[in-house]
Structures are given as C-alpha cells and as structure tokens.
1. For the condition out of contact with any strand residue (DSSP E or B) (no Cβ under 6 Å at 6 or more places or on another chain) and not assigned by TED's automatic domain parsing to the domain that holds residue B:64, what is the one hit in B:218, B:231, B:226, B:242?
2. Could you tell me which residue of the range A:1-26 is farthest from the chain's Cα centre (by Cα), considering only residues that are away from chain B (no Cβ under 14 Å) and in a loop (DSSP other than H, G, I, E, B)?
3. Any residue at all in the range B:135-149 that is farther than 27 Å from residue B:170 by Cα, more than 12 Å from chain A (Cβ to nearest Cβ), surrounded by 21 or more Cβ atoms within 10 Å (Cβ to Cβ) and in contact (Cβ under 8 Å) with a residue 12 or more places away in the chain?
4. In contact with a strand residue (DSSP E or B) (Cβ under 7 Å, 6 or more places away or on another chain) and free of Cβ contacts under 8 Å to residues at least 40 places away in the same chain - does that describe any residue in the range B:408-418?
5. Please go through (1) under 28 Å from residue B:301 (Cβ atoms); (2) within 18 Å of the chain's Cα centre (by Cα) for residue A:42 and return the number of the only condition it doesn't satisfy.
6. Show me the helices (runs of 4 or more DSSP H) found entirely inside the range B:246-360 where at least 3 residues are under 21 Å from residue B:220 (Cβ atoms).
7. So which residues in the range A:27-50 are within 13 Å of another protein chain (Cβ to nearest Cβ) and assigned to a strand (DSSP E or B), if there are any at all?
8. What is the number of the single condition among (1) within 25 Å of the chain's Cα centre (by Cα); (2) surrounded by 21 or more Cβ atoms within 10 Å (Cβ to Cβ); (3) more than 14 Å from chain A (Cβ to nearest Cβ) that residue B:159 does not meet?
Ligand SMILES: Cc1ncc(C[n+]2csc(CCOP(=O)(O)OP(=O)(O)O)c2C)c(N)n1
Ligand SMILES: [Mg+2]
C-alpha cells in the first residue's frame with residue numbers, strides 16, 4: 001500500500017538532559033527519516049524541554065517515527081499535532097536593502113504583514129516577522145526584489161489548541 | 001557515613017545480585033579493580049574487551065539474567081562496540097561499565113578519552129555518563145532495570161575516574177522511577193479477543209516463535225498455545241529452543257536457511273501468530289511474497305517492531321509470556337480446543353513438504369560438517385549449551401542440533417558477529433557449570449577472538465570448541481559460488497595456524513579428525529576430557545548450506561540439495 005507523503009508537526013516533551021537532542025537527531029539520521037525543522041527550548045519547568053519537530057513521511061513512516069521517538073528513554077511524550085487543531089508559529093529576521101526609494105514600500109509591507117523593523121542601518125533594515133510558514137514565505141518573496149542580504153528563521157513551534165467550550 | 005564512588009559501585013552491584021563480571025583493567029577503571037578483588041564478586045579477566053562483552057552476552061543468555069562488563073576508557077571502551085552492537089541486535093540484557101577520564105579533562109582530548117556515550121548511542125538501549133557522585137547509585141539501578149525490563153538490551157554506564165575516588169554520603173537508591181519508560185507487559189484484552197476470533201476462523205494456522213519467547217521465558221506458554229490450537233510451530237534463528245524440536249508440531253527454522261516445510265508453510269498459512277519476532281529480512285525474504293495468504297497476529301513488547309516490516313492484522317503489544325498465558329486462558333474459558341488429529345488436510349500438506357524435501361546432505365568420503373553436528377547432538381543427548389561463530393558453521397548448528405530447550409542456543413543472530421562463539425561459550429559455561437558447553441566454530445571466525453582460549457584455560461572451563469575447518473570463509477564462498485561465478489575472491493584461508501598446536505600453546509587440549517570414521521572417536525574423546533578442548537574437523541571445503549533463499553527472493557524460492 002502506498003500512502004501519500006504528508007508533513008507532520010510533532011511536539012515532543014523530553015527530559016532536559018545532555019544528549020537528548022543528539023539521541024533524537026541520531027534516530028532520524030540513522031534510520032533515514034526526514035527533519036524539515038526543529039526547535040528546542042525549556043518549558044515552564046526547567047527539567048523538561050519541548051521539541052517541535054516538522055517531518056515528512058507517509059503514514060507508515062510517521063507511525064515508525066513516533067514509536068521510535070517514544071522508545072527513547074528520555075522522551076516523555078510524543079504529540080502529533082497534524083490532525084487536530086493547533087496553533088503554529090514561525091519567525092524570521094530579514095535583512096533587506098533599504099534604498100531611499102524603497103523605504104516607504106518596505107514599511108508599508110511591514111505594516112500589512114504586522115511585522116516590525118527591529119534594526120535600522122544606513123543601508124539595511126532588519127524586519128522581524130512572526131506567523132505561519134506561508135506568511136513568512138510571502139513576505140520574503142515580496143522583499144526579494146529589493147535585495148535581501150540575509151535571513152535567519154526559526155523552525156516551527158506549535159501547541160495544540162484548547163477547547164472553546166467547556167465540556168460538561 | 002561517607003562512601004567512595006568505588007564503594008557505591010560495588011555495593012550497587014551486590015544489590016543487583018551480580019556475582020560475575022567480565023572485565024579488563026586500565027588506568028581509568030583500576031580504582032574499581034583495586035577493590036573488586038576483595039568483594040564477593042568474581043572477576044573474569046578476558047583477553048580482549050570484545051570478548052568481555054560477548055562473554056557477558058553468553059552469560060546472560062545461558063543464565064536468563066543480566067551480564068556485566070567492566071573495562072577502561074578509550075581503547076577499552078571502543079573495543080566493546082561490536083559486542084554491544086551484537087547484544088543490541090539480539091536484545092540481550094547486559095550492562096557495560098566503562099572508565100572515563102576525570103570530569104575536568106572531558107572534552108580536552110585527554111589521554112585515552114573517547115566519547116563512548118556518543119559512539120554507542122545508536123547501539124545501546126540507553127547509556128549514561130555519570131558526572132555527579134550523587135547520581136551514581138541511581139544510575140546503576142536504572143541501568144540494570146533498563147537492561148532487563150521491557151525489550152531487554154545493552155546499557156552502558158561511563159564512569160569518570162575522579163568519581164570513583166571522590167566520596168559522598170551513603171544513600172540507598174530509591175526504586176527506579178522513569179516516567180518516560182513504562183513498558184507494556186499486559187496486553188489489551190480486546191486485541192486478544194480478536195486473536196481468538198481469527199484462530200476460530202483459521203484453517204491453516206502457523207505459529208512463528210522468536211527470541212522474545214526465550215527472553216520472556218514464555219516457552220511453556222507457547223507450548224500450551226500450540227497444544228490448544230493444534231498449530232505447527234516454526235521459529236527464527238533467535239527462537240530456536242523456544243519450542244521443542246522433538247515435537248511432532250515442530251517444522252524447523254524459517255527463513256533464508258530454513259527448512260522447506262517451514263518456508264512453504266509460512267507461504268500457505270491463513271493465520272500466522274508471530275510472537276517475539278521482528279521480521280528481519282533474513283526471516284521474511286522478499287516482503288511482498290511473505291505469508292501472502294495470512295492474517296498476521298504480531299505479539300511483541302516493543303511497539304516499534306510491530307508494523308515496521310510487515311503489515312499486521314492484529315497487533316498486540318505485551319510481554320510474550322504474559323500475553324500467551326492470557327490468550328491461552330481466553331481460549332480455555334471459551335472451551336476452545338483442537339485435538340491433535342484436527343486440521344487434517346493442513347497437517348497432510350505439511351507432511352508432504354516434509355517428505356519431498358527433508359533436511360539432508362550427501363554422505364561422502366570426506367567429513368561432512370552436518371554429520372559432525374549430528375553426531376555431536378547424539379553424543380551430548382541434545383543437552384549441550386551450544387554457542388556458534390558466524391557463517392556456515394552457525395547455520396549447520398541451527399539446522400542439525402535439534403534444540404529442545406530455551407537458553408541453549410546462543411548465537412549472534414542480528415549482527416552476525418564473527419568471534420562471538422568462544423567468549424560467549426566462556427560466559428555460558430560460567431553461568432551453567434553443570435552443562436556441556438560447545439562452541440561450533442568456523443576456521444575463520446574462531447581466529448577473531450582466539451585469544452579467549454587463555455581465559456578459558458585460566459578459569460578451568462571445560463568448553464569444547466568444534467572447528468568445522470573448510471579452509472574458507474565458507475558462507476561468503478557459498479555466495480561467490482552461487483552468485484558470483486565461482487570467483488572465490490579473498491575467501492580462501494591460505495594460511496591457518498595449526499589449531500592443535502595452538503590449543504596446546506594455550507594449555508588446552510587439541511584433537512583433529514580428517515576422515516569420517518574419526519569423527520565419533522574424536523568427539524567422544526573431546527567430550528570426555530574435563531578441560532578446554534579444541535576439536536578440529538577437516539570438512540568438505542565446498543559444502544553448502546541448504547536450503548538457501550537468495551537474498552531478496554521470496555522465501556519459497558529455495559535452492560535445495
Ligand atoms: C566480524 C565479521 N566480519 C565479517 C563477516 C562476514 N562474514 C559472514 S560469514 C563469514 C565467513 C566465516 O567464515 P568461517 O568462520 O570459516 O565460517 P564458515 O562459513 O566457513 O563456516 C564472513 C567473513 C562477519 N559476519 N562478521
Ligand atoms: Mg570456514
């Protein structure tokens with residue numbers, strides 16, 4: 001049976017210990033799984049970290065990935081956000097050439113995208129944009145003709161959505 | 001009261017009931033060795049750290065417990081890697097303690113520093129670098145718990161030298177509590193009801209037993225299941241001994257070198273109950289051709305094994321023994337039982353396969369390796385603990401030493417690690433002093449850890465090394481003969497030491513048979529000598545292991561004698 005390849009956002013709750021990240025990354029490289037992006041940081045509890053990992057695979061591969069992750073001793077929980085409501089955010093810092101004739105246009109786009117200019121240099125503006133992947137890609141595309149010097153992007157971070165109504 | 005790291009280490013091991021350690025000293029670990037000789041733990045000084053790990057593996061398998069190794073940092077640690085990878089592939093519970101340079105030097109490329117935790121991450125179930133003495137007792141407790149519980153496997157603990165020398169107030173480690181590690185022992189009963197339904201519908205059931213049966217001590221439960229549902233049983237290489245080979249329900253091993261009837265039965269069955277297996281490619285052959293007509297029930301404690309290689313109708317996550325006992329109870333409660341003369345046409349089909357292609361070999365004027373194993377079986381009443389090297393010798397051992405009990409066939413199955421058999425035999429003999437322990441070896445493999453002869457002699461271990469000397473790296477030569485136009489590139493052992501002299505040089509006894517009529521006398525003599533013995537059999541150089549399924553072919557496409 002061939003299933004279609006799909007993007008999955010996995011949220012991993014892990015023990016905040018040396019070597020955990022390397023176990024996870026090693027699992028992906030050793031077994032030929034794919035990592036699209038990866039974000040790691042402590043949660044509100046210092047001894048627990050959350051890793052948001054975006055991966056690609058068909059149903060069987062995703063199932064193996066989740067099982068293999070669960071098998072790692074330091075992984076406490078694996079949550080697949082893909083088929084449930086979640087909020088996801090990416091962030092990018094974009095350094096764009098700010099020619100005098102382009103400045104107004106840049107600021108207008110920053111405004112439309114609810115982005116911010118976080119650094120103003122003689123020749124470049126650094127724009128901070130937060131949103132889903134699509135939004136970030138669009139802004140980068142729109143700014144490209146003006147000359148992008150460099151871009152730094154985070155991977156996706158995500159959390160499941162909470163219920164809108166209280167269940168009885 | 002304050003205790004040193006070494007005190008905590010030794011006390012922790014005694015709490016775990018460790019009575020034997022396989023080790024080799026060096027600067028980073030010598031603090032432990034220094035005190036170990038006063039502890040009520042016997043230390044077996046191997047001659048190479050790889051030997052220590054294989055010996056611990058053999059010890060674990062023969063005893064059903066956990067094997068323990070103690071080696072130094074750097075090269076001592078790297079030498080353990082093949083042994084650890086072999087234990088990992090076969091899910092064998094061992095704990096490997098490695099010395100490490102002092103914490104202050106870690107990362108400085110210090111003398112004999114290697115990142116053994118990094119190196120062994122993909123081939124251990126888990127591993128630790130202990131950096132605080134306060135963690136030591138807990139980590140050791142966890143290491144033993146992880147090694148032996150769930151799907152067992154090797155755990156490595158890296159011990160910086162300064163930790164062993166420093167002191168801390170003594171505290172006993174609390175019971176292990178790892179919130180992220182909760183293996184599922186008890187099966188979901190809903191799933192088992194589905195299994196019962198499938199069993200009721202099945203006309204041609206087949207049980208496939210794997211190493212998980214032996215690891216979870218589920219042989220009796222397996223036997224019972226086969227009895228209740230009157231199903232034939234086959235096993236993987238790792239599962240040999242899980243089901244008695246003298247049972248009329250036994251089909252022999254499945255897979256690349258499995259029996260004709262086991263492989264044919266797997267292709268014809270309409271229900272396969274696979275227990276404690278992982279469907280390795282050497283078992284399934286071409287996946288698309290594997291059990292094409294069968295609903296598959298897969299029982300295993302490791303969820304990653306299920307649906308990894310083979311589509312499964314009913315997955316059951318659980319310990320093999322607990323699960324089979326539960327399943328048997330459900331069947332009994334439902335009043336289900338199939339008498340030994342039920343499933344007539346299925347049994348008849350199997351009988352035909354048995355009759356058409358018996359496991360056999362041509363007798364000749366030279367010694368046939370199969371004959372040696374057959375005679376060994378007869379002369380030891382099938383009661384020996386058999387370890388093997390890797391290659392043809394391993395397959396002939398599997399095919400012709402008909403195992404009736406678990407924990408008696410000890411082989412490097414998943415990794416196929418040459419050099420395994422001799423050190424594993426040392427471990428097995430220490431675990432089972434009451435048993436005859438035999439290493440069935442090839443002339444190539446035996447040279448990979450031949451140095452352990454000294455260990456066997458030093459500890460007066462009466463293990464018997466049977467070298468099936470075909471003067472080739474026989475299994476590779478067999479592939480070359482069949483698939484590489486008989487071009488025997490780099491597989492002829494142009495020079496081999498005189499194994500009899502070598503045995504003598506090690507202080508052991510050496511015997512050799514060159515003619516078929518010498519086989520039995522040599523075996524008899526060798527088995528009767530209560531010392532380490534090498535018995536060398538000059539066998540037919542170009543004998544092949546049959547049946548053989550070419551790699552990647554469906555397992556019904558067997559090359560036969
Ligand atoms: C450490 C290691 N190196 C290489 C191999 C590949 N290999 C598999 S079987 C085999 C031949 C073994 O020769 P021998 O021990 O004489 O056994 P025979 O097949 O002749 O019985 C080799 C080289 C291996 N399995 N393990
Ligand atoms: Mg050979």
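1. Working: B:231 fails: out of contact with any strand residue (DSSP E or B) (no Cβ under 6 Å at 6 or more places or on another chain); B:226 fails: out of contact with any strand residue (DSSP E or B) (no Cβ under 6 Å at 6 or more places or on another chain); B:242 fails: out of contact with any strand residue (DSSP E or B) (no Cβ under 6 Å at 6 or more places or on another chain).
Criteria check complete, one pass: B:218.
2. Residues of the range A:1-26 away from chain B (no Cβ under 14 Å): A:4-11.
With in a loop (DSSP other than H, G, I, E, B) added as a condition, the list becomes A:4-5.
Details: A:4: 22, A:5: 19 Å.
For the range A:1-26, the residue satisfying everything is A:4.
3. First, pick out the residues of the range B:135-149 that are farther than 27 Å from residue B:170 by Cα: none.
Among the residues of the range B:135-149, not one is farther than 27 Å from residue B:170 by Cα, more than 12 Å from chain A (Cβ to nearest Cβ), surrounded by 21 or more Cβ atoms within 10 Å (Cβ to Cβ) and in contact (Cβ under 8 Å) with a residue 12 or more places away in the chain, which makes the answer no.
4. Start the filter on the range B:408-418 by keeping residues that are in contact with a strand residue (DSSP E or B) (Cβ under 7 Å, 6 or more places away or on another chain), which leaves B:408-411.
Adding the requirement that they be free of Cβ contacts under 8 Å to residues at least 40 places away in the same chain leaves none.
Within the range B:408-418, none of the residues are in contact with a strand residue (DSSP E or B) (Cβ under 7 Å, 6 or more places away or on another chain) and free of Cβ contacts under 8 Å to residues at least 40 places away in the same chain.
5. The failed condition is (1).
6. On the way: elements: B:260-268, B:281-284, B:320-333, B:344-356.
Of the helices (runs of 4 or more DSSP H) lying wholly inside the range B:246-360, those with at least 3 residues that are under 21 Å from residue B:220 (Cβ atoms) span B:320-333.
7. Step one: list which residues in the range A:27-50 are within 13 Å of another protein chain (Cβ to nearest Cβ), which gives A:27-33, A:45, A:47-49.
Passing the criteria: A:48, A:49.
8. Residue B:159 satisfies every listed condition except (1).
The values are calculated or read from the model by the stated rules, or taken from the named source; none is laboratory data. The shown structure was predicted, so the numbers you read here are calculated from the model rather than taken from an experiment. Cβ sites come from the backbone with ideal geometry, for glycine too, and all protein chains shown count toward neighbours.
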